[in-house]
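**Student:** Here you go, one structure.
The values are calculated or read from the model by the stated rules, or taken from the named source; none is laboratory data. A quick note: this is a predicted structure, and the numbers were derived from the prediction, not measured. Using ideal geometry, Cβ is built from the backbone for each residue, glycine included, and neighbour counts are taken over all protein chains shown. Please note that ligands, DNA and RNA were not included when accessible areas were found on the heavy atoms of the full protein model with its side chains. Shrake-Rupley method; radii C 1.70, N 1.55, O 1.52, S 1.80 Å.
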Amino acid sequence: TNTTRTGQAKGKKLFADDYPEIFEAVVLPLDNGALVRQFLQRYQPRLFILIETELWPNALSLTAQANIPSILINARLSERSAKGYAKFSRLTRPMLTQLSCIAAQDQDTAQRFIALGANKNKVVVTGSIKFDIQPPEHVLQQAEQLKQDWQLQQRTVLVVASSHDPEEAEILAQFPLLLCQHPDALLIIVPRHPERFDRVAELIEKNGFALFRRSQQQIIQPQTQVYLADSMGELWLWYAVATLAFVGGSLSHTGGHNPLEAVRLGVPVVMGPHTFNFKLIVETLVQAGALIQVDDASQLMQTWQRWLTQPQLANAASRAAHQVMQANQGALARQLELITQLQQPS
């Protein structure tokens with residue numbers, strides 16, 4: 001199940017073609033008692049798996065009444081979110097006690113859930129499954145083909161990933177300063193939300209750059225300086241052609257997005273100061289020297305400039321990131337084992 005159109009599209013893209021006989025992507029109903037009862041009667045689930053921070057009081061209550069085990073996997077809870085849940089303890093505590101298991105990303109998250117009322121015997125620290133991500137092989141092959149077709153091998157490719165307002169405007173305003181030193185640089189902008197694609201297109205032209213759009217099947221040419229990747233589900237592709245990357249939502253106050261896809265491909269990453277959505281992951285990468293945080297777009301350009309003029313620094317960040325990824329893998333297997341245990345008869 002999903003709660004967004006993006007999630008629906010991603011699920012179908014991943015599984016529908018390979019498993020047409022057993023796979024079905026449906027929308028999770030609104031957390032209304034009557035709707036959830038209808039859903040349970042129709043699909044008769046054997047296990048209710050929630051991910052990260054998804055907590056639905058009616059769904060958890062009704063699955064518990066129906067003796068359907070439930071697990072919150074890859075659970076994360078920031079200090080700010082914990083304070084929010086604490087204000088509604090009469091709602092939060094029953095939800096947490098109804099969960100059969102909580103697989104927490106880290107010890108801080110585990111302690112926050114316990115403080116909110118979760119049974120400490122049902123909370124397990126497994127690490128984050130995000131460290132176990134693997135790039136799709138066909139995407140890597142596609143990236144190699146694009147590098148040849150679009151002659152990207154000799155160019156500096158800078159990817160602005162999952163960007164939000166006002167990040168694109170701020171970065172586009174600073175980009176000419178980097179172009180002065182690196183005229184071969186190519187900026188690929190990948191906005192987070194499709195409803196903003198046209199707005200970002202306007203910003204590109206407003207800043208004096210010719211507009212090239214993925215949605216219109218326009219290719220990157222030798223004279224292309226900015227490319228708008230206004231497509232869905234292709235972030236791995238853009239990281240695979242990147243020299244350096246910025247992960248968005250972090251100069252805005254959104255809280256940042258996951259840097260590990262870029263890190264997994266060995267791409268040195270910069271983020272802004274607002275990374276509370278991935279606090280532990282970012283802190284781990286920063287402490288290892290695998291990621292640099294900056295305060296604004298000007299500092300972002302300075303960091304990219306430093307890495308381009310001193311490639312040994314970028315290489316060191318990439319090596320450090322590889323070591324962090326290796327040291328933190330295994331969470332997926334641990335959480336799959338918990339899921340297997342919950343499906344076995346007691």
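**Student:** Gain in length, residue 193 to residue 231, computed as 0.36 nm per residue apart minus the alpha-carbon separation, to one decimal in nm? All intermediate terms of the calculation are to be shown ahead of the outcome.
**Tutor:** Values: separation 38, 0.36 × 38 = 13.68 nm, distance 0.98 nm.
Extra length available between residue 193 and residue 231 comes to 12.7 nm.
**Student:** Would you kindly state how much longer the chain becomes between residue 322 and residue 149 on full extension, computed as 0.36 nm times their sequence separation minus their alpha carbon distance, in nm to one decimal?
**Tutor:** Gain on extension, residue 322 to residue 149, equals 59.4 nm.
**Student:** Something else: Taking the Cα centroid of region 1-45 and of region 56-118, what is the distance between the two, rounded to the nearest whole Å?
**Tutor:** 22 Å
**Student:** Another one. Place a +1 charge on the Cβ of each Lys and Arg in the chain and a -1 charge on the Cβ of each Asp and Glu, then give the dipole magnitude about the Cα centre in debye, rounded to the nearest 20.
**Tutor:** 1100 debye
**Student:** Which residue, chosen from 64, 2, 19, occupies the Cα position most advanced towards the positive end of the dipole of region 1-102, where the dipole is computed from +1 (Lys, Arg) and -1 (Asp, Glu) charges on Cβ about the Cα centre?
**Tutor:** The residue sitting farthest along the positive end of the dipole is 64.
**Student:** Moving on. Arranged from highest to lowest average of other beta-carbon atoms within 10 Å per residue, in what order do the peptides 111-124, 16-29 appear?
**Tutor:** 111-124, 16-29
**Student:** Another question, if that's okay. Calculate the spin-label point distance for residue 41 paired with residue 80, positioning each point 7 Å from the Cα along the beta-carbon direction, and give it in nanometres.
**Tutor:** For the pair residue 80/residue 41, the computed spacing is 4.2 nm.
**Student:** Between residue 2 and residue 181, what is the spin-label point distance in nm, taking each point 7 Å from the Cα along the Cα→C-beta axis?
**Tutor:** Between residue 2 and residue 181, the label points sit 4.1 nm apart.
**Student:** Can you pull the semi-axes for the chain, root of five times each eigenvalue of the Cα gyration tensor, sorted largest first, whole Å?
**Tutor:** The equivalent ellipsoid of the chain has semi-axes of 39, 22, 19 Å.
**Student:** Taking 7 Å along the Cα-to-C-beta vector as the label spot, tell me the residue 340-residue 121 distance in nanometres, rounded to one decimal.
**Tutor:** Result: 2.4 nm between the two label points.
**Student:** I'd like to know which of 113, 98, 140 lies farthest towards the positive end of the charge dipole of the chain, counting +1 on Cβ of Lys and Arg and -1 on Cβ of Asp and Glu.
**Tutor:** Positive-most Cα among the choices belongs to 98.
**Student:** When the dipole is taken about the Cα centre of region 200-314, and only Lys, Arg (+1) and Asp, Glu (-1) are charged at their Cβ, what size is it in debye, to the nearest 20?
**Tutor:** Computed charge dipole of region 200-314: roughly 160 debye.
**Student:** Going down the list 10/147; 83/279; 10/87; 12/83, which pairs span over 27 Å between their C-alpha atoms?
**Tutor:** Over 27 Å Cα-Cα: 10/87; 12/83.
**Student:** Among residues other than residue 259 whose Cβ falls under 13 Å from its Cβ, what is the net charge (Lys/Arg +1, Asp/Glu -1)?
**Tutor:** +1
**Student:** Please report how far the C-alpha centroid of region 291-330 lies from that of region 159-187, rounded to the nearest whole angstrom.
**Tutor:** What the calculation gives is 17 Å, centre to centre.
**Student:** How do the peptides 247-254, 219-226 rank, highest first, by the average count of neighbouring beta carbon atoms within 10 Å per residue? Please report the intermediate quantities before stating the final value.
**Tutor:** On the way: 247-254: 22.2, 219-226: 15.4.
For the peptides 247-254, 219-226, the packing ranking is 247-254, 219-226.
**Student:** Residues with amide H under 5 Å of residue 27's amide H, sequence separation 5 or more or different chain, H placed in the peptide plane at 1.01 Å from N; which?
**Tutor:** Residues meeting the criterion, in which the H sits 1.01 Å from N, are 2.
**Student:** What full-extension length gain, to one decimal in nm, is calculated for residue 219 and residue 306 as 0.36 nm per residue of separation minus the Cα-Cα distance? Kindly include the intermediate steps, with their values, before the conclusion.
**Tutor:** Working: separation 87, 0.36 × 87 = 31.32 nm, distance 2.88 nm.
Answer, rounded to one decimal: 28.4 nm.
**Student:** 222 nm [θ] for the chain, helices only, -39500 (n - 2.57) per DSSP H run of 4+, per residue, to 500?
**Tutor:** After summing the helix terms and dividing by the residues of the chain, the value is -14000 deg cm²/dmol.
**Student:** Expressed as a whole percentage, what fraction of the accessible surface of the chain belongs to carbon and sulfur atoms when a 1.4 Å probe is rolled over the protein heavy atoms?
**Tutor:** On the way: 8820 of 17880 Å².
Carbon plus sulfur share of accessible area: 49 percent.
**Student:** Tell me the per residue accessible area of the chain using a 1.4 Å probe; a whole number in Å² is fine.
**Tutor:** For the chain, the per-residue accessible area is 52 Å².
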